[in-house]
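Asks: First, the structure itself, so that you have it in front of you.
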């Protein structure tokens with residue numbers, strides 16, 4: 001039973017990583033299309049998201 005629980009947790013973790021990767025790719029493409037203060041703001045949001053994800057404090 002514990003092995004199934006671990007497998008489920010691993011699947012959730014991998015799905016979260018894929019979601020974070022897609023989000024960061026989208027932020028990067030938006031940054032390429034913009035200029036000025038909006039670009040700086042989106043860059044900061046992307047960094048905050050990555051930091052919160054990596055530190056494990058990402059809650060929806």
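Asks: 222 nm [θ] for the chain, helices only, -39500 (n - 2.57) per DSSP H run of 4+, per residue, to 500?
Replies: Working: 2 runs with 51 residues, N = 60.
So the calculated ellipticity at 222 nm is -30000 deg cm²/dmol.
Asks: Sticking with this structure for a sec: Per residue and in Å³, how big is the convex hull formed by the alpha-carbon atoms of the chain? Write down the numbers at each step before the final one.
Replies: Values: hull volume 4.3 nm³, N = 60.
Normalising the Cα hull of the chain by residue number yields 72 Å³.
Asks: Any chance you could give the angle, 0 to 90 degrees and rounded to 10, that helix 37-55 forms with the longest Cα principal axis of the chain?
Replies: Orientation of helix 37-55: about 20 degrees from the principal axis.
Asks: Also, I was wondering about something else. Would you mind checking the tilt of helix 2-33 against the longest principal axis of the Cα atoms of the chain, expressed as 0 to 90 degrees and rounded to 10?
Replies: 10 degrees
Only the coordinates and a few stated rules stand behind these numbers; no lab work does. Nothing here was measured: the structure is a model prediction, and the numbers come from that model.
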